[in-house]
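Engineer: One structure, pasted below without further comment.
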Amino acid sequence: MEDKKRGKRDGQFVLYRILRAIVMAAVWLVKPFKIIGREKIPEGAAVICANHSSFSDPFYMAFAVPRTQHLCLMAKKELFSFKPLGWLLRRIGTFPVDREAAADMEAMKSALNVLKAGKKLGIFPEGTRTSEDGAVSPKTGAVRIARKMGVPIVPMYIPRKKKFFRRNPIIVGEPIDVGSAGKLAHEELERIADELMDKIARLGHTDVVMGRA
């Protein structure tokens, strides 16, 4: 049974790499990119967190992660309602999350399994596309998951305005240790999530300090 599960996971990675190469070639023709700080992405399990402004952001996040590492994205459940797309997303390791639920336990389970397998988990803490840094308060899910598994969070900045025929910089920051010992109060998790988004903004040379109403 374990061999069967491992084979399924390996099959996901093979398809992921094939699609990543195809999409990368297509994107490179119109909105090329350069990865700054890729060497900061550690081996093994980690949570990759970036700002989110465009439907193309998941692609750029995948391009930034070395091709030898499998990035599994947490994506809004609405994408899976179109069955062909949902089928394909699941086949490359992407899984749905209900953004309206206070706690989507199925998504949490999937996220933990990704990290247990030593893969990269991709999350956009803003939870939705935004037009500017600091427009919304980030969700705490990424911090909760990283703490539960004792893995680092890698901040990443993706330009909100991607230029045609210019090399758009995707900037990777130093991994952040959010700890693993003890349960934190929700307010403390919010503080850490705010600091994470502030660090992501600063990677893009944007001076934004997160705040909550």
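Engineer: Between rounded, prolate and oblate, where does the range 2-203 land on the alpha carbon gyration tensor, with a ≥ b ≥ c its root eigenvalues, rounded for a/c under 1.5, else prolate if a/b exceeds b/c?
Structural biologist: The shape class here is rounded.
Engineer: While we're on this one: So what are the ³J(HN,Hα) numbers for the range 154-170, from phi and the Karplus equation (6.51, -1.76, 1.60; θ = phi - 60°), rounded to whole Hz, Gly and Pro as x?
Structural biologist: Once rounded to whole Hz, the list reads 9, x, 9, 10, 10, x, 6, 10, 8, 8, 6, 6, 10, 7, 7, x, 9.
Engineer: Moving on. Over the range 2-203, calculate the relative contact order: mean separation of alpha carbon pairs under 8 Å at least 6 apart, over the residue count, as a percent.
Structural biologist: Dividing the mean separation by the residue count of the range 2-203 yields 30 percent.
Engineer: So which residue, out of VAL178, VAL47, VAL30, gets the largest mean-square fluctuation from a GNM of the chain using Cα contacts under 10 Å as springs?
Structural biologist: VAL30
Engineer: Then there's this: Just for the chain, what percent of DSSP beta bridges are antiparallel, to the closest 5?
Structural biologist: In the chain, approximately 15 percent of DSSP beta bridges are antiparallel ones.
Engineer: GNM on the chain, C-alpha springs below 10 Å: top fluctuator among THR68, THR140, THR128?
Structural biologist: THR68
Engineer: I need ARG147, ARG166, ARG99 ordered by Cβ neighbour count within 10 Å, fewest first.
Structural biologist: So the residues, fewest neighbours to most, are ARG166, ARG99, ARG147.
Engineer: So, one more: Where a ≥ b ≥ c are the square roots of the eigenvalues of the C-alpha gyration tensor, would you call the range 63-118 rounded, which needs a/c under 1.5, or, failing that, prolate if a/b is larger than b/c, or oblate?
Structural biologist: Oblate, because a/c is 1.5 or more while a/b does not exceed b/c.
Engineer: Any of LYS34/LYS109; LYS40/LYS83; LYS76/LYS116; LYS161/LYS199; LYS34/LYS119 with alpha carbons more than 30 Å apart? Name them for me.
Structural biologist: LYS34/LYS109; LYS40/LYS83
Values quoted throughout were computed directly from the atomic coordinates according to the rules given, and no laboratory measurement underlies them. Keep in mind the model is a prediction, meaning the values are calculated, not measured. With ideal geometry, Cβ positions are generated from the backbone for all residues, glycine too; neighbour counts draw on all protein chains shown.
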